[in-house]
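Step one of this worksheet: look at the structure below.
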Amino acid sequence: MIQEKKLYLETFGCQMNVSDSEKIVGLMKGIGYQQTPDPTHADLILLNTCSIRAKAEQKVYGHLGKFKSIKRKRPHLIIGVGGCVAQQEGERLLEKAPFVNLVFGTHNLHLLQEMVAAAETGKRRIETDFLDDEKRFDLYGVADTDSGFTRFVTVMQGCDNFCAYCIVPHVRGREISRSAGKIVEEVAALAASGVTEVTLLGQNVNSYSSKNPGEPDFPDLLRLVAEVDGIERLRFTTSHPKDISERLIACFAEIPKLAPHIHLPAQAGSDRVLKAMNRGYTSAEYLGKVAALKAACPGIQITGDMIVGFPGEEAGDFEETMALMEEVGYADLFSFIYSARPGTKAAEFPDLTGKEEKQARLERLQTAQKKTTLERNRSMEGTIQEVLVEGLSDSKDSLFGRTGGNRGVILEGDLALAGKVVPVKIVEGLQTLLKGEIVDPHGRE
Ligand code: SAH
Ligand code: SF4
Ligand code: F3S
């Protein structure tokens, strides 16, 4: 009898990593590993790591400490570290954590099966080379996930923008786009397996195929994907404000399947700070794009990211961030205190603002956003929303779905509605959720 081997996988960071982890599960199944939620019973522990802020990186070392003690009791246990911290640290990781057996960078998933097989025979290995061709997309199709009716499809990887604060271009490498033909092929295969919603994924999807003359650009790619039978709803993330074109904005009016939501991180509201961040737009330009989006798609839900306490941000700059935020009226905003990352340009900038002042700014911003989010959720009461039912709610006694604008909704109904878009009347807007009632209990069919 073949003994079943157990994989414990933990994922940190962004949707890129979530999507990579789905591939890791598929790859490891291919060599006999089944996932377990319990690290103390694992034969293989893999960490897919994030280094976007110092805290994210520290977490990895904290976890490794715990796994070291498991390994004392289970000497055959293989421990591997992948993702952005692995890419950044490479060899150093093995020095800091000598009990780690393998380190794989962000472009090396295709080597993972043979690396684990080598570790089973006692060999340690590090692979962190960047690949500059489509090889890094070759793994698509191996993803193994129970995320049901909605999936990510990677359209590009890497980033060439080099925002002054950001580690991503350093750990994900240069931007490269996947061919449209392969993307459409994957979406069609997903649709055939019952998936109804896809989110096209990239660090900066607006510049999709800008280096591949002859390939469709992003607005045309959206049209191609929208034509795939069975796909009812289409999303994409993330957009860089400097690259969002009039043609892309028009897609929200012209492609009915394109959901009325955009994640459009501003990062700051002060032109001086935006310039120091190397973002390539002014606050007026950002607000102009927001106005154009609202005109093309009334009711569009806009979410964003904001950094507080960037080096040199003064009280007046922060007020401009607050003003921009109020003007946009974000449905949701992810906000962070600036964290200096090794090797980035901003890490060399003098940073004179105290920790407490930064914390106070963040709290002010978050309190204001909470109020906006609640007001916006309440203003949806009484409206009818198209909700894609994803499955059971966390409490398992209701259904959970999302509006086109990406707001979570709790509703009563039959689990057989999972995967379907149903009209839902919003009866209550809460802080993080909406409550709704299905208008037509049989859904659309
Ligand atoms: N590619 C995405 C962002 C990925 S990182 C984009 O360009 O929109 C997600 C968010 O983390 C960023 O939008 C930014 O707000 C935040 N972030 C990135 N680097 C950071 C740093 N050094 N300190 C604090 N926040 C940071
Ligand atoms: Fe980072 Fe800027 Fe690239 Fe986004 S666009 S991943 S913030 S460098
Ligand atoms: Fe983190 Fe890497 Fe994503 S640094 S945010 S996991 S690209």
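Taking the Cα centre of segment 384-438 as origin, sum charge times position over the Cβ atoms of Lys and Arg (+1) and Asp and Glu (-1), and report the length of that vector in debye to the nearest 20. Could you put the intermediate results ahead of the total?
Values: 6 positive and 8 negative charges, 33 e Å.
Taking the Cα centre of segment 384-438 as origin, the dipole is about 160 debye.
Rounded to the nearest 0.05, what FRET efficiency do Gln35 and Glu314 have when you use their Cβ-Cβ distance and R0 = 56 Å?
Details: r = 49 Å, r/R0 = 0.87.
The value I calculate is 0.70.
For the chain, give me every cysteine whose Cβ has no other Cys Cβ within less than 4.7 Å, ordered by residue number.
So far as the 4.7 Å Cβ criterion goes, Cys14, Cys50, Cys84, Cys159, Cys251, Cys297 stand without a partner in the chain.
On the principal axes of its Cα set, how long, how wide and how thick is segment 384-438? Give whole Å, largest value first.
25, 21, 16
Determine the dipole magnitude for segment 5-127: charges of +1 sit on the beta-carbon of Lys and Arg, -1 on that of Asp and Glu, nothing else is charged, the reference point is the Cα centre, and the result goes in debye to the nearest 20.
Working: 18 positive and 12 negative charges, 99 e Å.
Charge dipole of segment 5-127: 480 debye, to the nearest 20.
Considering only Ala292, Ala42, Ala191, give the residue with the highest GNM mean-square fluctuation for the chain, with springs between Cα atoms whenever their separation is below 10 Å.
Evaluated over the chain, the most mobile residue of the options is Ala292.
Looking at Gly413, Tyr165, Leu430, which one has the Cα that reaches farthest to the positive end of the dipole of the chain (charges on Cβ: Lys, Arg +1; Asp, Glu -1)?
The residue sitting farthest along the positive end of the dipole is Tyr165.
Taking the dipole about the Cα centre of segment 82-136, with the C-beta of Lys and Arg at +1 and of Asp and Glu at -1, give me whichever of Leu109, Ala97, Ile126 is farthest to the positive side.
Ala97
If the elastic network links every pair of Cα atoms under 10 Å, which of Ser51, Ser179, Ser398 fluctuates the most in the Gaussian network model of the chain?
Of Ser51, Ser179, Ser398, the Gaussian network model singles out Ser398 as fluctuating most.
Please give the solvent-accessible surface of Ile45 in Å², to the nearest 10, using a probe radius of 1.4 Å with every protein chain present.
0 Å²
Please report the relative contact order for segment 1-95, taking Cα pairs under 8 Å with a sequence separation of at least 6, and give it as a percent rounded to a whole number.
On the way: 123 pairs, mean separation 29.8, N = 95.
So the answer I get is 31 percent.
What is the magnitude of the charge dipole of the chain about its Cα centre, with +1 placed on the Cβ of each Lys and Arg, -1 on the Cβ of each Asp and Glu, and no other charges, expressed in debye to the nearest 20?
Numbers: 54 positive and 62 negative charges, 266 e Å.
With only Lys, Arg, Asp and Glu charged at Cβ, the dipole is about 1280 debye.
Largest first, how would Phe252, Phe336, Phe130 line up by accessible area (1.4 Å probe)?
Details: Phe252 15, Phe336 55, Phe130 95 Å².
Largest accessible area first, the residues go Phe130, Phe336, Phe252.
I'd like the trypsin sites (Lys or Arg not before Pro) in segment 173-235 restricted to DSSP loop residues with at most 14 other Cβ atoms within 10 Å, sorted by number.
Working: sites: Arg174, Arg178, Lys182, Lys211, Arg223, Arg233, Arg235; in loops: Arg174, Arg178, Lys211.
Passing sites in segment 173-235 are Arg174, Lys211.
Given a Förster distance of 45 angstrom, what is the FRET efficiency for Ala416 paired with Leu352, based on the Cβ-Cβ distance and rounded to 0.05? Please report the intermediate quantities before stating the final value.
Values: r = 59 Å, r/R0 = 1.32.
Using R0 = 45 Å, I get an efficiency of 0.15.
Please report how far the C-alpha centroid of segment 385-445 lies from that of segment 23-57, rounded to the nearest whole angstrom.
Value for the Cα centre distance between the two parts: 32 Å.
Could you state the orientation-averaged shadow area of the convex hull built on the Cα atoms of the chain, in nm² to one decimal? Write down the numbers at each step before the final one.
Working: hull surface 89.6 nm².
Answer in nm², one decimal: 22.4.
The values are calculated or read from the model by the stated rules, or taken from the named source; none is laboratory data. Everything quoted here is computed from the prediction, not taken from an experiment. Cβ sites come from the backbone with ideal geometry, for glycine too, and all protein chains shown count toward neighbours. Just the protein is used for accessible areas: all its heavy atoms, side chains included, with ligands, DNA and RNA removed. Shrake-Rupley method; radii C 1.70, N 1.55, O 1.52, S 1.80 Å.
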